[in-house]
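To keep things clear, I will list the structure first and then write my remarks on it.
The values are calculated or read from the model by the stated rules, or taken from the named source; none is laboratory data. Since the structure is predicted, the reported quantities are computational estimates derived from the model, not experimental observations. Don't worry about glycine lacking a Cβ; one is built from the backbone with ideal geometry, like all the others, and counts go over all protein chains shown. Protein only, heavy atoms only, side chains kept; ligands, DNA and RNA dropped before computing areas. Shrake-Rupley method; radii C 1.70, N 1.55, O 1.52, S 1.80 Å.
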Amino acid sequence: MNKISIIVPCYNEEEVLEVFYNKITEVSSKIDADFEYIFVDDGSKDKTLEILKKYNKKDERVRYLSFSRNFGKESAMYAGLKESTGDFVAIMDADLQDPPDLLPEMYETLLSKEYDCVATKRKTRKGEPIIRSFFSKLFYKIINKMTVTEIVDGARDYRLMTRKMVNSIIEVSEYNRFSKGIFSWVGFKTKWLSYDNIERAAGKTKWNFWKLFKYSVEGITAFSTAPLLISAFVRTTFLYSSICIYTYYNW
Ligand code: UDP
Ligand code: MG
């Protein structure tokens, strides 16, 4: 029997974990496969870890990792991928914005062996703060102009992948990870599913403007040589202008 690993990065998710756990176990019961749920506590300050320990005691499918501090969702996903032992691996947010109900369809698709990955994206950004939508769209425009790796606008991290693809992703040992780029960069045949934006089941978003800005800079510097080229161009221009000015005044 195949095993599916579900990786769930969690940062201060005490309000939503019970709803999530009930939902994922309900969906799992409809799929003919074994499961492991890998919850990654990303340095939560609330009762997240306590709740995870409770589930781990009562359900042998539940495993958890706990970070010493908040390292960010990217690190949590990477740690989860490295720990996973399934033949298929999914990454899913804890707040139910990544609908677990899509999982049976995703799994069926991969069983047909035509694809290595079923990824998801949102149809629209409806429900998201206008300012966040504006900067997100701007970011995707800029990054796609600067890189050859396609970064899909609206793509979520929610996806189900084969072990083969997961192993390739783990081999990319970037320190500042930008998974949306890495998923695309490793190649593999991907099928995209779209769905309407879903509000968080409970709790609040963990992102703020500054975190998103840093994340976008990481994406651009990791996948594009344009910032290096621009800086080389500026440096060379300054160097030659200085030589010209110096020669002109000291001739
Ligand atoms: N998350 C995390 N570490 C962080 C921020 C977020 O592990 O530093 C997790 C969070 O618990 C959730 C997922 O990443 O499961 C997505 O976070 P969130 O819902 O806050 O982001 P949004 O949906 O607003 O983009
Ligand atoms: Mg969310």
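Summary of values
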| quantity | calculated |
| --- | --- |
| Listed pairs 126/214; 30/211; 58/211 exceeding 32 Å between Cα atoms | 30/211; 58/211 |
| Förster radius 30 Å - calculated FRET efficiency between residue 68 and residue 212, Cβ distance, rounded to 0.05 | 0.80 |
| Per-q log10 I(q)/I(0), the chain, q = 0.07, 0.15, 0.17 Å⁻¹ (Debye; single scatterer per alpha-carbon; no solvent) | -0.28, -1.10, -1.42 |
| Euclidean distance between Cα centres, region 196-212 to region 66-138, Å | 14 |
| Accessible surface of region 70-112, 1.4 Å probe, proportion on carbon and sulfur as whole % | 50 |
| Relative packing of 201-212, 115-126, 79-90, which averages over residues the other C-beta atoms within 10 Å, highest first | 79-90, 115-126, 201-212 |
| Within the accessible area of region 159-199 (1.4 Å probe), percent carbon and sulfur | 47 |
| Contact order normalised by residue count of region 140-233, Cα under 8 Å, 6+ apart, percent | 42 |
| Portion, in percent, of the accessible area of region 200-251 that falls on carbon or sulfur, probe 1.4 Å | 73 |
| The chain - accessible surface per residue (Å², probe 1.4 Å) | 56 |
| Farthest positive-ward along region 37-155 dipole, Cα basis, beta-carbon charges - from 146, 90, 39 | 146 |
| Estimated FRET transfer efficiency when R0 is 51 angstrom, pair residue 32-residue 144 (beta carbons, to 0.05) | 0.85 |
| Estimated distance in nm for a label pair at residue 250 and residue 50, the labels positioned 7 Å out from Cα along Cα-to-Cβ | 7.1 |
| Residue 108/residue 18 FRET efficiency (R0 30 Å; Cβ-Cβ; nearest 0.05) | 0.60 |
| Distance in nm between pseudo-label sites at residue 174 and residue 57 (7 Å out along the Cβ direction from Cα) | 4.0 |
